[in-house]
Amino acid sequence: MPVLAALLFGLVFGAGLAVGGMTNPAKVIAFLDVTGTWDPSLALVMGGALTVNGLAFALTRQRPRPLFAESFALPTLRDIDRELIAGAATFGVGWGLVGLCPGPALASLLRGELSVYAFVAAMVAGMWLDRLRRLYTREGRR
Amino acid sequence: MIAASFTPGLSLVGGAMIGLAAAALLFANGKVAGVSGILARALAPQRGDLAWRIAFLCGLPLGAIAVIRLTGDPHGFAITGSFPVLVCGGLLVGFGTALGNGCTSGHGVCGLARGSRRSLAATLTFMAAGALTVFVVRHVFGAG
């Protein structure tokens, strides 16, 4: 049941990305191009998502446990550290170069575009590189 | 100047769908709908923690392609950038989201909805870095 639920939520999430326009890299870049011909659409994607998720979170946090699990797996890190800022900045540069972030990149996999395959393969490789870094620096488990 | 491609209605609806899916994943499964985290931890899974990740990740392209087929792709798809740029961009996105523990969905949609200061700092940082990168590529080098 939790696996089926996750599939359903992934479907709705992916559909939302496509409806909102996040799956067109040119549109994402037009959003980031604040000094050019600006397309504010993605601010509304973010606003819509935040409004719904924010309201829902206020209700969900009052529940003792999730429907299909023992406990909520919420992030425990609290510090604004160097890894957070360096990681976000690195991600932002890649996002600005291509116009794809992880969700829309995966959501575009069935378009049959070679460019998406190349991007996703490199993205997975990048995630492995961070795994190696964590092993090397003995930062331990995430 | 505002682009002619501005789609306020569709984008608001799409955003609400994303928010609904993220809320439901937390409510039902107790998990944060951060795509980079779901993927990164599917690459090195802990026992009993893989199936829901695969299911969610498979849902993303299936949901998107359904919308594209049913609606005739209202936004289209256009990607500029040569093969080396795509690979560099992918590496930076993969490494950066793993290092910073989150992407547009994990920090931007889920973290901000929880009022996380870390996620606010991350979101402001990747938005600024993305905008700066586009500025340099488009308006300094005149490419893209």
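What follows is calculated from the coordinates using simple rules that are stated; it is not laboratory data. Since the structure is predicted, the reported quantities are computational estimates derived from the model, not experimental observations. Cβ: placed from backbone, ideal geometry, glycine included. Neighbour counts: every protein chain shown.
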Got a sec? Which of B:Thr97, B:Thr125 is of a type outside the set (A, V, I, L, M), touching a Cys at 6+ places or on another chain (Cβ under 6 Å) and assigned to a helix (DSSP H, G or I)? B:Thr97
Members of the range B:1-21 found to be farther than 14 Å from A:Ala15 by Cβ and of a type in the set (A, V, I, L, M, F, W, C), listed by number: B:Met1, B:Ile2, B:Ala3, B:Ala4, B:Phe6, B:Leu12
Given the criterion among the aliphatic types (A, V, I, L, M) and either within 19 Å of A:Leu4 (Cα to Cα) or more than 18 Å from the chain's Cα centre (by Cα) (or both), identify the matching residue among B:Ala78, B:Ala22, B:Ala40. B:Ala22
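Please tell me if A:Val3 is surrounded by 15 or more Cβ atoms within 10 Å (Cβ to Cβ) and more than 7 Å from every other protein chain (Cβ to nearest Cβ).
no
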Among the numbered criteria (1) farther than 21 Å from A:Leu7 by Cα; (2) surrounded by fewer than 24 Cβ atoms within 10 Å (Cβ to Cβ); (3) free of Cβ contacts under 8 Å to residues at least 24 places away in the same chain, which single criterion is violated by B:Gly89? (2)
Do any residues in the range A:45-71 that are at the interface with chain B (Cβ under 7 Å from one of its Cβ atoms) and of a type in the set (Ser, Thr, Tyr) have Cβ atoms under 6 Å from those of residues that are part of a helix (DSSP H, G or I) and buried (at least 17 other Cβ atoms within 10 Å of the Cβ), where the two are at least six apart or on different chains, and which pairs are they? A:Thr60/B:Leu26; A:Thr60/B:Phe27
Okay, helices (runs of 4 or more DSSP H) sitting entirely in the range B:2-75 with 2 or more residues that are farther than 22 Å from A:Phe72 by Cα, I get B:8-24, B:51-71
In the range A:79-116, anything hydrophobic (A, V, I, L, M, F, W, C), surrounded by fewer than 19 Cβ atoms within 10 Å (Cβ to Cβ) and more than 7 Å from chain B (Cβ to nearest Cβ) is listed as A:Leu114
Among (1) farther than 19 Å from A:Ala121 by Cβ; (2) in contact with a Cys (Cβ under 9 Å, 6 or more places away or on another chain), B:Val35 falls short only on (1)
